[in-house]
1. So which GluC sites (Glu not before Pro) in region 292-363 end up in coil per DSSP with only 11 or fewer other C-beta atoms within 10 Å?
2. Given +1 on the Cβ of Lys and Arg, -1 on the Cβ of Asp and Glu, and no further charges, what dipole in debye does region 52-160 carry about its Cα centre, rounded to the nearest 20?
3. Enumerate by residue number the trypsin sites (Lys or Arg not before Pro) in region 316-403 meeting two conditions: DSSP loop (anything except H, G, I, E, B), and at most 14 other Cβ atoms within 10 Å of the site's Cβ.
4. If you place +1 on the Cβ of every Lys and Arg, -1 on the Cβ of every Asp and Glu, and leave all else neutral, what size is the dipole of the chain about its Cα centre, to the nearest 20 Debye?
5. Any chance you could check the Cα centroid distance between region 307-385 and region 230-275 for me, in angstrom?
6. Rounded, prolate or oblate for region 309-353? Axes are the square roots of the Cα gyration tensor eigenvalues, ordered a ≥ b ≥ c, and the cut-off for rounded is a/c under 1.5.
7. Hey, could you get me the Stokes-Einstein D for the chain, Kirkwood radius over alpha-carbon pairs, 37 °C and 0.692 mPa s, rounded to whole µm² s⁻¹?
8. What FRET efficiency comes out for the pair THR14/LEU101, r = Cβ-Cβ distance, R0 = 35 Å, nearest 0.05?
Amino acid sequence: MSAAATEVRMTSGTGRWIVFTTVLGSGMALLDSTVVNVALPHIGEDLGADLAVLQWTVNAYMLTLAGLILLGGSLGDRYGRRRVFVVGVVWFALASLLCGLAPNAGVLVAARALQGVGGALLTPGSLALIQASFHPDDRARAVGLWSGFGGVGAAIGPFVGGWLVDGPGWRWVFLLNVPLAALCVPVALRHVPESRDATARGRFDVLGAVLGAASLGLVTYALIDGVWWPGAVGVLVGAGFAVVERRRGEAAMVPPSIFRSRLFTAVNLVTLCVYAAFGGFFFLAVIQLQVVSGYSALAAGTALLPTTVLMLLLSARSGELGERIGPRIPLTVGPLLCAAGMLLMTRVGEDAVYVRDVLPALLVLGLGMTALVAPLTATVLASVDVSRAGLASGVNNAAARAAGLVAVAALPLLTGMGPEAYRSAAEFDATFDRAMPICAGVLVAGAVLAWTTMRTPEAPGCHPECRTHCGVTSPPLDPGAP
């Protein structure tokens, strides 16, 4: 990787273009991951689908994204992060076009899986471009802006989806990505510098990617369809994946050495908890507002905007604060606030009043998301050498998507939600009230993990020039140190 590629300053024109391009590309994928949720009741009605099909409409995308995002990060490190990012944007746009034109549920689910492939190429590339391009003094702020505006893309999804569903129809939820990609690609090619890992060698771990995706797919199928044996096979395949990765060492898709950093391991465990809860919440909340509270698609999407506003206003500062005080406090307080917000959502029922019942829950949830998202992302990248930025980003994104995938598959099963539940206000309301405490409990577990496994910058035993294990953005002197 050239030295010039690591010295871009935030105040320069190139720096602003990099942030704009990476936010636009990754925001397109994040937007799509949430914008679809608000359209689910309409998709089900239009295509005559039951709840399982709606779960697969969400999970087909997350399955290929989670299964291949590690490979996407490695491809970017090897062949050029900008190049793979651009290929991912184009792929994603073409798959989105197919989703928008899908004549039936089967084609829609298949097209969603193809969308996930594009997302697996562009998502890790966007974050790796920031980490590899910016001067070390500006990385935390750049990551904070990327997290904040990217999070806004995810949070604004329900609003945009509702507007499109109530207007031109649910198919435009997917077609919207085409003009966004048409803007992103030329800007990336013109203004974003190329970077790669000059030390990357050897073959790609295709077997590892296949085993990882197959394991997730089998477990997901078992949870959605309520059949135990695919889940058992999936667990065995997952064990095979772990064995293959360990034997291949540094040639593996997930080199075991990356987990020598205890901070990296810990923050990914927290990621699993946080994004499992987020995945379950955003899947169910917009359906609750429409099916139970009687909101239109647009009203349901608009109802979630407070989280967007809070992340837009505060995420960059949250990233800077996390750099100063370390990840322990933000990654403990943030999940606890989110848990409180989800428990407050149990007040949202058939006679819910927005200001009294919905808004307080979303304000608390938004504050929690703002507190944790940017510090979590910065901590992931700070825990490894910059040359492994794509791999680290891929591992963390895979953890987040896999967690959301399992949550969407498991929550209906855990709460007794039947295949036609989303057509019955009473049945869906009862299962929603059982689901929110489960999501809150997972968030509390994440907060406990963060508090017990992470240190503050003043922790004893850290070298004065090496604060990575405490969550600051300098590279580690010893990735295995506590």
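1. GLU350
2. 140 debye
3. Sites meeting the loop and neighbour criteria: none at all.
4. With Lys and Arg at +1 and Asp and Glu at -1, about 1280 debye.
5. Taking the Cα centre of region 230-275 as reference, the centre of region 307-385 is 27 Å away.
6. oblate
7. 149 µm²/s
8. 0.40
The values are calculated or read from the model by the stated rules, or taken from the named source; none is laboratory data. None of these values were measured; they are calculated from a predicted model. Using ideal geometry, Cβ is built from the backbone for each residue, glycine included, and neighbour counts are taken over all protein chains shown. When the accessible area is computed, the model is the full protein with side chains, heavy atoms only, and any ligands, DNA or RNA have been set aside. Shrake-Rupley method; radii C 1.70, N 1.55, O 1.52, S 1.80 Å.
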